[in-house]
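Only one structure is covered here, and it is reproduced in the block below.
Each reported figure results from applying straightforward, stated rules to the coordinates on display, with no laboratory input. If you're wondering where the values come from, they're calculated on a predicted model, not measured in any experiment. Neighbour counts run over all protein chains shown; Cβ positions are idealised from the backbone, glycine included.
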Amino acid sequence: MSNEDPIAVEAGDAAIVSKAMIRAAEQLDIPNHTLAGIIGIPETTVIQMRLGDAVLPSDAKAFESAILFIRIRSLLSSLTGDHGSASKSWLEIPNTALGERPIEVMQADAGLMRIIDDLESRRNP
């Protein structure tokens with residue numbers, strides 16, 4: 001990261017986070033349009049990233065959202081014992097604590113943090 005711009009994203013960091021984000025989305029069977037809504041980038045960028053032709057845009061919001069999304073995948077994995085089907089189901093089933101399906105919450109403002117808070121409360125009751 002640059003000393004002049006504390007939120008600048010280095011190209012190498014963007015490539016690493018892009019790959020991790022795409023891997024997490026694939027493990028959770030999240031389609032391109034949904035991932036685009038979660039991260040706040042165009043669907044065409046997600047498609048290009050899946051093909052290896054693009055990386056995350058260098059704006060701090062998209063980068064932060066990708067990091068939070070990766071964190072959610074990690075938390076789900078630790079809670080479900082890395083059973084992908086259980087993680088996928090958790091995203092799709094209405095959640096009383098969240099008031100809707102987690103996959104929908106993730107696409108709303110501050111939704112990623114709501115999901116992280118919910119998952120962490122389950123991990124550390």
- Task: Using 0.36 nm per residue of separation minus the Cα-Cα distance, give me the extension gain between ALA20 and ASN124 in nm, one decimal.
- Result: 34.9 nm
- Note on the structure: FRET efficiency for ILE67 and GLU100 from the Cβ-Cβ distance with R0 = 25 Å, rounded to 0.05, comes out at 0.60
- Collect residues whose amide H, placed 1.01 Å from N in the peptide plane, falls under 5 Å from the amide H of ASN95; neighbours closer than 5 in sequence don't count. GLU100, ARG101
- Item | Computed label-point distance, nm, for sites GLN107 and SER89 using a 7 Å Cα→Cβ extension | 2.3 nm
- Helical mean residue ellipticity (222 nm; -39500 (n - 2.57) per DSSP H run of 4+; nearest 500) of the chain: -19500 deg cm²/dmol
- Determine, for SER74, SER85, SER65, the number of other Cβ atoms within 10 Å of each Cβ, and report the residues in order from fewest to most. SER85, SER74, SER65
- Task: Please compute the net charge surrounding ILE41, taking Lys and Arg as +1 and Asp and Glu as -1 over other residues with Cβ under 10 Å from its Cβ.
- Result: -1
- Query: Hey, can you rank 32-38, 113-119 by average C-beta count inside 10 Å, highest first?
  - Reply: 32-38, 113-119
